[in-house]
Every structure is written in structure tokens, then in C-alpha cells.
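Heads up: the structure comes next, in C-alpha cells.
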Amino acid sequence: MVKVGCCWLYAISKYGYPPSIADTMRALKDMKALGFKYVELEGVREENLREVYEHRHELKALCDDLGLIVDNFCPVLPDVVSLDEQKRQHALSLFDLACEIANFFGCTTIQTDSFTPPLEFEGPAPYKQMVDFGIQFKVKVDPQFSWEKQWQVMVDSFRILAQKAANAGLKFCLEPRVGEMISNTDAALRLFDHVGHENLGFVLDTGHLHAQKEILPLSVEKLGKRIFYVHLSDNDSKTNEHLGLGRGTVDFEGVFLALKKHGFSGMVGLDIGRIPDLDDEMRRSRDYLLDLLTRLGIPYDA
């Protein structure tokens, strides 16, 4: 049975990145008002992560009062892949705090990204201040930069994080995103082969992968049981916009038939944001999703 939920992009789009604790509480109330039961939560870099930790009791009490279940926690810690060993070790230690938060809320999964490579961006850089869609990158590669070294650091870190999550009883998932070091299905599979830890899985994000020109049902086939979580949004494949379902060209029926084949039973979150009339689009997309699941005979909890 899949769990239908609301992703944190909704909160970011309404209240900024990251939202304050007060706005986080407003966002959770908004998610409930939209009809959601399952939600995700983020802690963005050290300051916001510690704020979430410090206010965890009141946030959990609010979720309990609203009948919300936090199924995924995402600590955004870019330094877990830093080439600066001191920064990397500090970020890895902060992940322990993130696991404690995830367990406090009763999450199933804990999520990370692969983050942007340490290149010099001339102009816009991906995800520098906010979640950005459809921007063009122009970069310079430092002659001293070594992709082989960066790859090994990333592999080592994700092996450590996968084990930390396993020790905490959490599934650890990485989200391939446009503009980051792991940006597509085959890069994810290569990472899994090198990390070699069964607790590493992935977020199937239809918006990002469609913008990477992936054949999404094939992505599901390739990842199979390694899909721990699904982010749902739509676009025309020209940019990584996160539009409401049915507003672009994503083959959602093909995606869910492939997920059904592999017995996927995790959370499918509506990852829609940075659009006008956000609440209306969330309601419409939720109805679209529930209708699709019913039509395909996929049991769900919403």
C-alpha cells in the first residue's frame, strides 16, 4: 500500500527557504487543510537542523494534534561531500542528530542529496539560495579539481550515512536532481554499486528525471526495489519545473504501473512548488493522483 503525502517543497514555496519554526508550523497546518495525512520535514544546514531539533517536541505535538505522520526527514548538509575533511566530518556528525530527529518523529526514511560539485559558477548556481528550476549553468573547472577524488569522497560518505541510518532503523535514500553530482538513474546505480550498502536507496523524482530526458517507467525498472520514496511533479521535460500533475508530459500511468510491478509500498509525495495558485494545484493534483491509483488498482493510504 502506498502512502500519499505532501513534500516540503510546498512549505518552501509558501514560506521561504528554510521556513522559520513558526512558518513550519503554519505549513503543517496548511498540509492538513489540503487533506494530507503523510508529510515530510527538512532541516536545512546546521542552524535550521538544530532549530528543528530544539523545537521537536512542539512540532511533534502539533503533528499529533493534526493527525499528521512525518514519514520522511531530509537533513540538507552539503558538507557531507566536501573535499575539506574537517567540514565533512562535522557534517557527518550532524547526520547523527538528523537520525535522532527522524526517529523522534517516527520516520520511515531519511533523505539526502548529492549536492553541486565544487565548480566555479559564472552566474546562477543550482540551489544556491532556493530551489531553482530551468536555469542555465556556466562553469569553470579548477585545474586542481579531481573528479576521481570527489567521487571517492562521495562514495565513502554515503557508505557511512547508509550505515548510520541502518543503525537508527531508517532507510537511507538519495535524490538524483538536475545540476547535482548524482543527477540521473544510471549515476544512482553506479553510486549504489560503489557504495555497496543495502540500506542505500533512491528517491524517484519525476520532475527532475523527466527534465533529464529519462524514460520514467524504465527508470523504475532499473532502480526496482532500490526506490524507497517517490516525488511527484510534472513538467514538459525542457526544464525541471515542479508543476501540478497533468500540467506537463510525464507518463504517470506508466510510472505507477512499473511501481506496481515492483511492489512499491512507500510514500508518494506531491513535490509541487514555485507556481501560482499553489494550494489549488495541490488539491487538484491530489485528486488526480487518488483517481489514478484507484483506476490502476493500487491500494493507498491518504
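Listed here are the residues, each with its yes/no results for (1) acidic (Asp, Glu); (2) within 23 Å of Asp193 (Cα to Cα); (3) buried (at least 22 other Cβ atoms within 10 Å of the Cβ).
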site	(1), (2), (3)
Ala211	no, no, yes
Lys222	no, yes, no
Arg226	no, yes, no
Val230	no, yes, yes
Asn235	no, no, no
Asn240	no, no, yes
Leu243	no, no, no
- Item | Total residues in segment 61-93, condition part of a loop (DSSP other than H, G, I, E, B) and within 18 Å of the chain's Cα centre (by Cα) | 1
- Task: Restricting attention to segment 1-22, report how many residues are part of a helix (DSSP H, G or I) and buried (at least 16 other Cβ atoms within 10 Å of the Cβ).
- Result: 6
- Note on the structure: For Val268, the lone unmet condition from (1) hydrophobic (A, V, I, L, M, F, W, C); (2) free of Cβ contacts under 8 Å to residues at least 12 places away in the same chain; (3) within 29 Å of Arg26 (Cα to Cα) is (2)
- Within the set of pairs 6 or more residues apart or between chains, which connect a residue that is within 22 Å of Val139 (Cβ to Cβ) and assigned to a loop (DSSP other than H, G, I, E, B) inside segment 172-186 to a residue that is of a type in the set (Gly, Ala, Ser) and modelled with pLDDT of 95 or more with Cβ atoms less than 6 Å apart? Pro176/Ser183; Pro176/Ala188; Val178/Ala211; Glu180/Ser114; Met181/Ser114; Ile182/Ser114; Ile182/Ala188
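For every residue, the table says whether it meets (1) in contact with a Cys (Cβ under 6 Å, 6 or more places away or on another chain); (2) modelled with pLDDT of 95 or more; (3) in a helix (DSSP H, G or I).
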{"position": "Leu191", "(1), (2), (3)": "no, yes, yes"}
{"position": "Glu198", "(1), (2), (3)": "no, yes, no"}
{"position": "Val203", "(1), (2), (3)": "yes, yes, no"}
{"position": "Pro217", "(1), (2), (3)": "no, yes, yes"}
{"position": "Phe256", "(1), (2), (3)": "no, yes, yes"}
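The values are calculated or read from the model by the stated rules, or taken from the named source; none is laboratory data. Quick caveat: nothing in here was measured; it's all calculated off a predicted structure. Reconstructed Cβ throughout: ideal geometry from the backbone, glycine too, with neighbour counts over all protein chains shown.
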